[in-house]
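Enquirer: Handing you this structure, nothing more for now.
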Amino acid sequence: MPELPEVETIARDLRPHLTGARIRAVRVHKPDVLRDATPAAFRRALRGRTIASVGRRAKHLVLALDDGSRVVVQPRMTGSLHVTRERRRDPHTVLELTLAGRGRLIYRDVRRLGVVLVLPARRWETYSARLGPEPLEDGFTPEVLARALRGRRLAVKKAVMDQRLLAGVGNIYASEALWIARIDPSRPAEGLRGPEVAALHGAIVDVLARAVKGRGTTVRDYRTGRGEPGTFQGRLAAYGRGGEPCLRCRRRLALTHAIDGRATYFCPWCQS
Ligand SMILES: [Zn+2]
């Protein structure tokens with residue numbers, strides 16, 4: 001599932017093509033990705049509008065329209081977005097926006113697990129307010145992270161992946177950040193001491209910033225807004241490396257499913 005660096009990469013790739021573009025036509029080929037709008041209502045909300053800006057919130061791509069509403073795309077497992085001038089249609093195309101003079105924005109999703117929403121300005125504010133702070137924004141400080149973890153008995157890995165506490169971090173970057181910070185992912189979040197919270201804060205910011213630079217991690221399906229795989233998979237220290245040597249202590253990394261039912265990779269020797 002694309003996390004912050006992957007969706008940020010898609011947003012950056014699409015931005016020059018979409019900013020200021022007028023939506024001339026809207027085609028909904030697979031209406032099941034629309035959650036709260038009929039295809040007709042979705043078309044009405046978008047047609048004739050101009051895309052004012054392209055951004056990201058947590059793991060979601062956000063197109064702001066000129067009337068203040070937002071089109072939110074959650075690509076989940078197999079969704080991808082790109083702009084094309086080609087006429088030929090891919091059978092996995094879910095949504096298609098024809099942009100005046102700028103080709104078409106295509107949302108493609110093989111398994112159709114993604115979600116597309118259109119939210120009027122007020123509903124967008126409510127939606128965004130339910131999500132935690134953005135870790136790559138200046139306001140994200142060790143104190144902000146400490147506040148998010150305070151009083152939480154759940155495993156620290158689950159806490160940093162909880163989108164209401166912190167936006168954009170999922171399984172890959174939670175495993176990486178905890179490895180960098182040398183913290184055992186199963187420890188209760190509330191038990192972290194001040195210096196550990198500071199180390200975790202630094203690790204989260206560091207790994208996300210490097211992964212954005214590397215244009216994201218492709219484990220399976222993720223593609224950038226240019227249709228290419230990311231490059232950060234070659235630089236992961238923990239995720240996907242169970243049984244391989246720890247890059248710090250050379251002993252074997254472990255893989256467990258005991259924390260949240262999902263794969264957690266960590267070093268039982270140097271993460272405590
Ligand atoms: Zn180690």
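The values are calculated or read from the model by the stated rules, or taken from the named source; none is laboratory data. This structure is a prediction, so every number in the text was calculated from the model and none was measured. Don't worry about glycine lacking a Cβ; one is built from the backbone with ideal geometry, like all the others, and counts go over all protein chains shown. Accessible surface is based on the protein model in full, side chains and every heavy atom, while ligands, DNA and RNA are left aside. Shrake-Rupley method; radii C 1.70, N 1.55, O 1.52, S 1.80 Å.
A quick yes/no check of all residues on (1) among the hydroxyl-bearing types (S, T, Y); (2) surrounded by fewer than 19 Cβ atoms within 10 Å (Cβ to Cβ):
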position	(1), (2)
I51	no, no
K59	no, no
D67	no, yes
L81	no, no
L95	no, no
T98	yes, yes
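Enquirer: Is there a residue being more than 18 Å from the chain's Cα centre (by Cα) and surrounded by 14 or more Cβ atoms within 10 Å (Cβ to Cβ) anywhere in segment 215-236?
Expert: no
Enquirer: Still on this model: Would you mind finding the one in A199, A211, A167, A203 that is touching a strand residue (DSSP E or B) at 6+ places or on another chain (Cβ under 9 Å), open to solvent by less than 70 Å² (accessible area, probe 1.4 Å), touching a residue at least 12 places away in the same chain (Cβ under 8 Å) and more than 13 Å from the ligand (Cβ to nearest atom)? I'd like the intermediate steps shown before the answer.
Expert: Working: A199 fails: touching a strand residue (DSSP E or B) at 6+ places or on another chain (Cβ under 9 Å); A211 fails: touching a strand residue (DSSP E or B) at 6+ places or on another chain (Cβ under 9 Å); A203 fails: touching a strand residue (DSSP E or B) at 6+ places or on another chain (Cβ under 9 Å).
Testing whether each residue is touching a strand residue (DSSP E or B) at 6+ places or on another chain (Cβ under 9 Å), open to solvent by less than 70 Å² (accessible area, probe 1.4 Å), touching a residue at least 12 places away in the same chain (Cβ under 8 Å) and more than 13 Å from the ligand (Cβ to nearest atom) leaves just A167.
Enquirer: Do any helices (runs of 4 or more DSSP H) entirely within segment 79-192 hold 2 or more residues that are touching a helix residue (DSSP H, G or I) at 6+ places or on another chain (Cβ under 9 Å) and among the polar types (S, T, N, Q), and if so, which?
Expert: 171-181
Enquirer: Then there's this: Kindly establish whether R193 is of a type outside the set (A, V, I, L, M), open to solvent by 10 Å² or more (accessible area, probe 1.4 Å) and in contact (Cβ under 8 Å) with a residue 24 or more places away in the chain. So that I can check it myself, show each step before the final result.
Expert: Working: of a type outside the set (A, V, I, L, M): yes; open to solvent by 10 Å² or more (accessible area, probe 1.4 Å): yes; in contact (Cβ under 8 Å) with a residue 24 or more places away in the chain: no.
For R193, the condition - of a type outside the set (A, V, I, L, M), open to solvent by 10 Å² or more (accessible area, probe 1.4 Å) and in contact (Cβ under 8 Å) with a residue 24 or more places away in the chain - is not met.
Enquirer: If you don't mind, another one. Applying the selection to segment 234-272, what residues are in a strand (DSSP E or B), within 11 Å of the ligand (Cβ to nearest atom) and free of Cβ contacts under 8 Å to residues at least 40 places away in the same chain?
Expert: P245, R252, A254
Enquirer: Sticking with this structure for a sec: Can you tell me which residues in segment 67-78 are touching a helix residue (DSSP H, G or I) at 6+ places or on another chain (Cβ under 6 Å) and part of a strand (DSSP E or B)?
Expert: R70
Enquirer: Residue by residue through segment 55-80, note down the ones that are of a type in the set (K, R) and under 17 Å from T126 (Cβ atoms).
Expert: R57, R70
Enquirer: Out of all the residues in segment 193-220, which are among the charged types (D, E, K, R) and not in a helix (DSSP H, G or I)?
Expert: R193, R215, R220
Enquirer: Quick one: is T264 polar (S, T, N, Q) and either touching a strand residue (DSSP E or B) at 6+ places or on another chain (Cβ under 8 Å) or open to solvent by 20 Å² or more (accessible area, probe 1.4 Å) (or both)? Give the derivation first.
Expert: Values: polar (S, T, N, Q): yes; either touching a strand residue (DSSP E or B) at 6+ places or on another chain (Cβ under 8 Å) or open to solvent by 20 Å² or more (accessible area, probe 1.4 Å) (or both): yes.
Spelling it out, T264 is indeed polar (S, T, N, Q) and either touching a strand residue (DSSP E or B) at 6+ places or on another chain (Cβ under 8 Å) or open to solvent by 20 Å² or more (accessible area, probe 1.4 Å) (or both).
Enquirer: Which condition number does D109 fail, the rest of (1) at pLDDT 95 or above; (2) open to solvent by less than 70 Å² (accessible area, probe 1.4 Å); (3) acidic (D, E) being met?
Expert: Of everything listed in (1) at pLDDT 95 or above; (2) open to solvent by less than 70 Å² (accessible area, probe 1.4 Å); (3) acidic (D, E), D109 misses just condition (1).
Enquirer: Further question: Being over 30 Å from L166 (Cα atoms) and polar (S, T, N, Q) is the filter here; which residues of segment 20-62 pass it?
Expert: Passing the criteria: T38, T50.
Enquirer: Something else now. Output the residues belonging to segment 18-48 that are open to solvent by less than 50 Å² (accessible area, probe 1.4 Å) and part of a helix (DSSP H, G or I).
Expert: If the condition is that a residue be open to solvent by less than 50 Å² (accessible area, probe 1.4 Å) and part of a helix (DSSP H, G or I), then L18, V33, P39, A40, A41, F42, A45, L46 are the ones that fit.
Enquirer: Then there's this: Among the residues in segment 115-128, are any polar (S, T, N, Q) and loosely packed, with under 14 Cβ neighbours inside 10 Å?
Expert: yes
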